[in-house]
Amino acid sequence: MKHAHWSRWLVRVQLLLLTVIVLAGLALRLDLLGFRVVFQVFKYAGVAALAVALISLLVFVWGMVKRHADSRRAAIWGVLLGLLPVALPLLTVGKDNFDVPPIHDISTDLHNPPQYEEVLTLRREGDNSAAYGGEALAEAQRGADIYADMLPLQVDLPVARVTELAAEVAAELGWRIVAEDPERGHLEAVDRTLLLGFRDDVVVRVTPSGEGSRVDVRSSSRVGVSDLGANAQRIRTFLRELEEQVAERQ
């Protein structure tokens with residue numbers, strides 16, 4: 001009876017580490033564990049997976065020298081599985097977004113950003129401050145080319161109607177609306193990121209502009225230092241969908 005070669009333990013360890021990472025992410029998504037605890041799990045499990053991948057690479061070289069097919073096969077899987085914790089963020093977030101400034105609060109108006117009201121009651125102790133970071137934050141956003149398109153939207157509809165359409169778009173995007181005041185041109189909502197379910201806050205401000213309205217949007221992450229471009233992408237998607245909705249009404 002042929003016994004499994006010891007190198008297969010490389011694959012088993014990697015599968016165990018990946019399982020830990022997935023379970024930690026699920027616990028975060030279901031609000032069973034806090035962000036900081038899960039981040040530590042990600043960090044240490046990810047480092048361990050990379051270490052096992054390095055060992056697997058050495059085992060592969062050993063298998064080449066010894067002409068041992070089983071060890072080479074196990075080593076290849078050990079390397080591939082160990083690279084998953086690095087590859088998945090690159091694929092889901094995008095390489096360019098890792099180069100964004102370490103900020104988590106994006107606005108289409110850097111001089112007078114829309115202000116949060118109702119979502120303030122939903123934030124927990126330890127969350128990022130909802131207060132805008134002032135000129136330092138504005139300069140960081142202004143200096144990054146990736147945010148050059150963070151501009152207000154001009155539409156030829158009255159404030160109240162635009163706000164109602166904004167609420168419809170927000171609902172279609174899966175945001176949870178927590179405040180809506182069409183007459184004042186104010187809308188607040190909460191969105192959750194796809195994989196880990198991080199809660200990000202959004203405020204939409206609609207003001208009169210000529211014969212139409214101007215739409216400004218601000219999106220902020222409750223946790224983390226850098227949002228890896230997530231808030232800007234949320235604003236882009238929202239404004240694009242809103243512009244299409246407005247065009248259909250004209």
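General remarks:
- Residue count for the range 198-224, restricted to those that are over 19 Å from Ile106 (Cα atoms) and either of a type outside the set (S, T, N, Q) or outside any strand (DSSP E or B) (or both): 4
- Subset tally (residues that are touching a strand residue (DSSP E or B) at 6+ places or on another chain (Cβ under 8 Å), touching a residue at least 60 places away in the same chain (Cβ under 8 Å) and of a type in the set (A, V, I, L, M, F, W, C)) for the range 128-158: 5
- Condition met for Gln154 (more than 22 Å from Arg240 (Cβ to Cβ) and surrounded by fewer than 16 Cβ atoms within 10 Å (Cβ to Cβ)): no
- One residue alone among Gly126, Gly133 is exposed (fewer than 11 other Cβ atoms within 10 Å of the Cβ) and more than 18 Å from the chain's Cα centre (by Cα), and that residue is Gly126.
- When the test is whether a residue is in contact with a Gly (Cβ under 8 Å, 6 or more places away or on another chain) and among the charged types (D, E, K, R), Asp191 passes it.
- Of everything in the range 174-199 that is within 17 Å of the chain's Cα centre (by Cα) and closer than 12 Å to Val217 by Cβ, the residue that is least open to solvent (accessible area, probe 1.4 Å) is Ala189.
- Residue ID - modelled with the highest pLDDT, chosen from residues in the range 207-250 that are touching a His at 6+ places or on another chain (Cβ under 9 Å) and either farther than 24 Å from Arg36 by Cα or among the β-branched types (Val, Ile, Thr) (or both): Val223
- Of everything in the range 157-172 that is of a type in the set (Gly, Ala, Ser) and within 20 Å of the chain's Cα centre (by Cα), the residue that is most open to solvent (accessible area, probe 1.4 Å) is Ala171.
- Filtered by the rule that a residue be open to solvent by less than 40 Å² (accessible area, probe 1.4 Å) and either farther than 25 Å from Thr207 by Cα or without any contact (Cβ under 8 Å) to a residue 12 or more places away in the chain (or both), the range 98-122 gives Val100, Pro101, Ile103.
The values are calculated or read from the model by the stated rules, or taken from the named source; none is laboratory data. Values in this document were obtained by computation on a predicted structure and should not be read as measured data. Quick reminder, even Gly has a Cβ in these numbers, built from the backbone with ideal geometry, and neighbours come from all protein chains shown. For accessibility, only protein heavy atoms count, side chains too; no ligands or nucleic acids. Shrake-Rupley method; radii C 1.70, N 1.55, O 1.52, S 1.80 Å.
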